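Novice: Have a look at this one.
The values are calculated or read from the model by the stated rules, or taken from the named source; none is laboratory data. In this text, all values refer to a predicted model and were calculated from it rather than measured experimentally. Here the Cβ positions follow ideal geometry from the backbone for every residue, glycine too, while neighbour counts run over all protein chains shown.
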Amino acid sequence: MPMNRAIIACALIACAAALTPRSAPEPMERISFMRSPVLVTAPVTTSSNSGHATLERQKDGHYWANADVKGMKLDLLVDTGASMVTLTDEDARRLGIPTHTLDYAHTASTANGEVKIARLTLDRMRVGGVTVKDVPTMVTKGDLDTSLLGMSFLGALASFEFKGDTMIMRQ
């Protein structure tokens with residue numbers, strides 16, 4: 001009989017534990033990199049041969065490219081989900097693009113919803129030893145905090161790959 005009481009006691013404790021209300025875990029904060037400005041200096045390692053660039057994953061978990069456009073340096077977040085290179089209004093102005101004259105008649109779908117964009121073509125963009133000419137680009141009207149290195153640049157390469165925490169671009 002003592003064994004039965006022990007089994008019954010264990011069963012009651014298990015039932016009580018299962019029925020005890022627990023506090024729900026706090027929901028995770030939704031963070032969008034497009035709305036969270038991150039100050040990162042994007043190191044680019046270039047091999048001695050032209051047509052090659054290597055990016056290291058940064059502490060924020062992303063790959064950042066320091067691009068040369070019109071002799072200006074821009075830090076761009078590498079985004080393989082972005083169809084085109086996308087510039088913030090501020091970065092476009094830094095490049096000397098008169099954003100007040102652009103036609104923001106197009107829209108694009110982003111992680112943050114629909115945004116107004118203007119389309120243009122950059123003569124050339126260089127990341128490390130990789131140069132791409134005639135890069136289709138869009139400029140957003142104040143809806144983006146970080147410029148993006150999208151597929152209009154990456155797709156013009158012979159290849160790009162990820163090995164561990166390293167991104168390798170080849171022309």
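Novice: Go through the stretch 112-157 and report how many residues are of a type in the set (G, A, S), over 22 Å from H100 (Cβ atoms) and in contact (Cβ under 8 Å) with a residue 24 or more places away in the chain. Reasoning before the result, please.
Specialist: The first filter runs over the stretch 112-157 and keeps only residues of a type in the set (G, A, S), leaving 113, 118, 128-129, 142, 147, 150, 152, 155-156.
When the remaining residues are screened for being over 22 Å from H100 (Cβ atoms), the result is 113, 128-129, 150, 152, 155-156.
Then drop every residue that is not in contact (Cβ under 8 Å) with a residue 24 or more places away in the chain, which leaves 128-129, 150, 152, 156.
Looking only at that region, the number is 5.
Novice: Tally time: how many residues in the stretch 97-113 are under 17 Å from the mean Cα position of the chain (by Cα) and part of a strand (DSSP E or B)? Show your work before the answer.
Specialist: Quick first cut of the stretch 97-113, residues under 17 Å from the mean Cα position of the chain (by Cα) only: 108-113.
Narrowing the set further to residues that are part of a strand (DSSP E or B) leaves 108-110, 113.
Count: 4.
Novice: Go through the stretch 120-144 residue by residue and tally those that are closer than 28 Å to H52 by Cα and either acidic (D, E) or touching a His at 6+ places or on another chain (Cβ under 6 Å) (or both).
Specialist: Going through the stretch 120-144, the residues closer than 28 Å to H52 by Cα turn out to be 120-139.
Filter once more, keeping what is either acidic (D, E) or touching a His at 6+ places or on another chain (Cβ under 6 Å) (or both): 123, 129, 134.
The qualifying residues number 3.
Novice: Regarding A111, is this residue more than 19 Å from A53 (Cβ to Cβ), in contact with a Gly (Cβ under 9 Å, 6 or more places away or on another chain), surrounded by fewer than 17 Cβ atoms within 10 Å (Cβ to Cβ) and modelled with pLDDT under 95?
Specialist: Here the answer is yes, as A111 does meet what is asked.
Novice: Hey, R30 hits all of (1) modelled with pLDDT of 95 or more; (2) exposed (fewer than 11 other Cβ atoms within 10 Å of the Cβ); (3) basic (K, R) but one; which does it fall short on?
Specialist: Condition not satisfied by R30: (1).
Novice: Which residue is surrounded by the fewest Cβ atoms within 10 Å (Cβ to Cβ), if the candidates are limited to the stretch 61-94 and must be in contact with a helix residue (DSSP H, G or I) (Cβ under 7 Å, 6 or more places away or on another chain) and within 14 Å of D123 (Cα to Cα)?
Specialist: That would be M72.
Novice: Suppose we keep only residues that are among the aromatic types (F, W, Y) and assigned to a strand (DSSP E or B) within the stretch 130-171. Which one would you say is surrounded by the most Cβ atoms within 10 Å (Cβ to Cβ)? Break it down into steps so the answer makes sense when it comes.
Specialist: So in the stretch 130-171, the residues among the aromatic types (F, W, Y) come out as 153, 160, 162.
From the residues that got through so far, the ones that are assigned to a strand (DSSP E or B) too are 160, 162.
Working: F160: 18, F162: 13.
Here the residue is F160.
Novice: Separate question: Taking the stretch 97-108, which residues are surrounded by 11 or more Cβ atoms within 10 Å (Cβ to Cβ), without any contact (Cβ under 8 Å) to a residue 40 or more places away in the chain and over 18 Å from L154 (Cβ atoms)? Show your work before the answer.
Specialist: Narrowing the stretch 97-108 to residues surrounded by 11 or more Cβ atoms within 10 Å (Cβ to Cβ): 97, 99, 102, 104, 106-108.
Retained after the next criterion (residues that are without any contact (Cβ under 8 Å) to a residue 40 or more places away in the chain): 102, 104, 106-108.
Answer for the stretch 97-108, where residues must be surrounded by 11 or more Cβ atoms within 10 Å (Cβ to Cβ), without any contact (Cβ under 8 Å) to a residue 40 or more places away in the chain and over 18 Å from L154 (Cβ atoms): L102, Y104, H106, T107.
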